[in-house]
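Since the structure comes first, as structure tokens, the remarks are kept for the end.
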Amino acid sequence: MRIDFIANPNSGRGLGPRRAGEIASILARRGHDCRIRLGRSRQDAIEWAKEASKVADRLVVIGGDGSLSAVVDGLPVDAPPIALAPLGTSNMLATELKLPRRPFGTAKLVESENRLCLDTGIVSYTAANDLKETLTQRSFLVWDFGLGAELMRRMNEKRDGPIHKTDYLPLLGKIIKNWAPTAQRVIADGEDLGEFEFGVISGMRTYGIKAFRLGKAEYTDGLWEIYLFPKINLATTSFLAAASATGRLTQIPGVVHRKVKTVQVMGLNTAPLQIDGDYVGTTSVEFSLNAPPLSLLLP
């Protein structure tokens, strides 16, 4: 098989290129034709996805959810299946799907015929630049407005090199104490659900880390889950975290939960927005679950 790799040189504290070489060596000894490219920007990954999809039988992404997000944005409809070798900070997708983390495990994954065609959607939003232009991005994990997005925005400002999961908690505490959220009106599949300060729209069963459990989402049913929270402050956030950890998130009074295909979010004032773990801009937002499925290789 022709196997094309892209490695994020910043992932895993700089281990991306080395990990790609290790996996490629294993596969080359098994008779496969392996090609490695380093992706130094989101645009690099998008262009690689377009080009490699024309010639490769398998695509391998060495990095985290952000690295895969960039690749997904460049995939054509008939793209070959993808193997993810997780080297990111949270590795949300790899953790949830129990993907192997060692080179031999990833090499075996690349040769697997077991595929998951993951539902993905298109998010249109207001860019975080001076032009305030409308941009679109494909989402395969989760997007949210409000608290989670503000956390990612602040982390981007603070980031100076590799980050760790432990960096998030103290920053989250500061945000909850000092940040004033702005309520947004949410319309899902044509139904006006009201105004909320925080909303999570997800195709996954966890949010950010394994301990934050959302619900029993199905990966291939053509629907995503929406979770809406009317108020966000220190008391409500602590309560939500505890309920999520015990699988009782949807039982909290005031929390709105639906299965959806389309979502619109808008407000008199904008709220921050994150997509698949990266802060990208602000509301207003339009989402439609009509993108081609993402073909992922599973053990």
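A few remarks follow.
- Odd one out for ASN269 among (1) in a strand (DSSP E or B); (2) farther than 30 Å from LYS98 by Cβ: (1)
- Within segment 1-14, residues that are free of Cβ contacts under 8 Å to residues at least 40 places away in the same chain and over 17 Å from LEU75 (Cβ atoms) sit with their Cβ atoms under 9 Å from residues that are among the small types (Gly, Ala, Ser) and not in a strand (DSSP E or B), at 6+ positions apart or across chains, in these pairs: PRO9/GLY16; PRO9/GLY39.
- Residues that are acidic (Asp, Glu) and either farther than 22 Å from GLN264 by Cβ or surrounded by 18 or more Cβ atoms within 10 Å (Cβ to Cβ) (or both), drawn from segment 110-160: GLU111, GLU113, ASP119, ASP130, ASP144, GLU150, GLU157, ASP160
- Meets criteria (out of contact with any Leu (no Cβ under 8 Å at 6 or more places or on another chain) and exposed (fewer than 13 other Cβ atoms within 10 Å of the Cβ)) for THR250: no
- From the options ILE23, ILE36, ILE82, residue that is in contact (Cβ under 8 Å) with a residue 60 or more places away in the chain and in contact with a Pro (Cβ under 9 Å, 6 or more places away or on another chain): ILE23
- Selected residue [outside any helix (DSSP H, G or I) and at pLDDT 95 or above] from VAL77, VAL55, VAL72: VAL55
- Number of positions in segment 253-275 that are surrounded by 22 or more Cβ atoms within 10 Å (Cβ to Cβ) and at pLDDT below 95: 0
- The set of residues in segment 277-299 that are among the acidic types (Asp, Glu) and modelled with pLDDT of 95 or more contains only GLU286.
- The criterion of at least 1 residues that are touching a Pro at 6+ places or on another chain (Cβ under 8 Å), within 23 Å of GLU286 (Cβ to Cβ) and modelled with pLDDT of 95 or more is met by the following strands (runs of 3 or more DSSP E) wholly inside segment 173-251: 191-196, 198-202.
The values are calculated or read from the model by the stated rules, or taken from the named source; none is laboratory data. This one's a predicted model, so the numbers in the text were calculated from it and none came from an experiment. Glycine gets a Cβ as well: all are built from the backbone with ideal geometry, and neighbour counts include every protein chain shown.
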